[in-house]
Amino acid sequence: MTYRDRLEAGERLADALAEWHGANPLVVAIPRGAVPMGRIIADSLDGELDIVLTRKLHAPGNPEFAIGAIDESGWTYVADYADSVGASRAYIERQSAAELETIRRRRALYTPHRPPIDATDRVVIVVDDGLATGATMIAALHAMRARGPRRLICAVPVASLDAVERVRAYADEVVCLQTPEFFHAVGQFYGSFPQVDDEEVIALLRAPVGKPVTGATRNAKRDG
């Protein structure tokens, strides 16, 4: 199954999560690509939308391949295969420091006038547009678990089988619409998969519940 774009994927995920309608769930999207999807899901479930800031740690010489991830607190997940692809401890420490600085810049840009929405004793749904290795989602789930949710759900439209197995230990529930046998990259399962820019993220986070900003989803709709 291929999704037309992130908006269609968000609608399908919202349908799969319909049991949480009326429970005031907190939908937490991983910027930037998952934010348009998070907006759709939050509106559909009458919940709130927020972000969780994590960054991928990539393999030496291969920026597309994750060997771990870091969350906003500085907690770092390192995959058991990191050493085999040349990621030394010193390399991971250097990259972690650089990515943590990016996280801090994004927090100041995306939500400069408020703290993260309180997740205590709430149903929290962490959303991404897909999982290749699961590293970024693991960091996101770890960050949200520390904030005391009643139930913590990982929700994605597509993931590799390995990634789903890796994230299970960090969530109370994993909602994944498909786990294809042949998985190379998240983008292969979307007809249109453009970058989502910072301006879109900011507009979507500021949109009133139920009234997403049309202009803010222009990239997600392009070529759809």
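Counting Lys and Arg as +1 and Asp and Glu as -1, what is the net charge of the other residues whose Cβ lies under 9 Å from the Cβ of Arg151?
Values: positive: Arg122, Arg150; negative: Asp172, Glu173.
That sum, taken over residues with Cβ under 9 Å, equals 0.
Farthest toward the positive end of the dipole of the chain, out of Leu13, Thr136, Ser96, is the Cα of Ser96, where the dipole comes from beta carbon charges about the Cα centre. Measuring nothing but how far apart in sequence close Cα pairs (under 8 Å, 6+ apart) lie, relative to its length, the stretch 127-187 scores a relative contact order of 41 percent. Note on Asn24 and Arg4: the extension gain reaches 4.4 nm, defined as 0.36 nm multiplied by sequence separation minus the Cα-Cα distance. For the stretch 11-80, the Cα gyration tensor yields ellipsoid semi-axes of 29, 13, 10 Å (square root of five times each eigenvalue, largest first, whole Å). Across the chain, the relative contact order, built from alpha-carbon pairs under 8 Å that are at least six residues apart, equals 25 percent. Evaluated with a Cβ-only charge set (Lys, Arg +1; Asp, Glu -1), the stretch 43-107 carries a dipole of roughly 440 debye about its Cα centre, given to the nearest 20. Measure off 7 Å from each Cα along the Cα-to-Cβ vector at Thr120 and Ala169, then give the distance between these two points in nanometres to one decimal. In this crude label model, Thr120 to Ala169 measures out at 3.0 nm. Taking the centroid of alpha carbons for each part, the stretch 94-110 and the stretch 24-78 are 13 Å apart. In the list (1) 23.2, 88; (2) 16.4, 48; (3) 20.8, 71, the label attached to Rg and Dmax of the Cα atoms in Å as derived from the coordinates here is (2). Here the label points at Asp83 and Glu48, each 7 Å from Cα along the C-beta direction, are separated by 4.3 nm in the simple model. The rule of thumb for compact globular proteins, 2.2 N^0.38 Å, goes into the C-alpha radius of gyration of the stretch 86-149 1.34 times.
Note on Asp197 and Arg107: the extension gain reaches 31.0 nm, defined as 0.36 nm multiplied by sequence separation minus the Cα-Cα distance. Can you pull the percent of Cα pairs in the stretch 83-196 with separation above 18 Å? Of all Cα-Cα distances in the stretch 83-196, 62 percent exceed 18 Å. The simple spin-label model puts a point 7 Å past each Cα toward its Cβ; for His184 and Arg94 those points are separated by 3.1 nm.
Each value in this text was obtained by applying a stated rule to the coordinates, not by laboratory testing. This structure is a prediction, so every number in the text was calculated from the model and none was measured. Note that we place each Cβ from the backbone using ideal geometry, even for glycine, and neighbour counts take in every protein chain shown.
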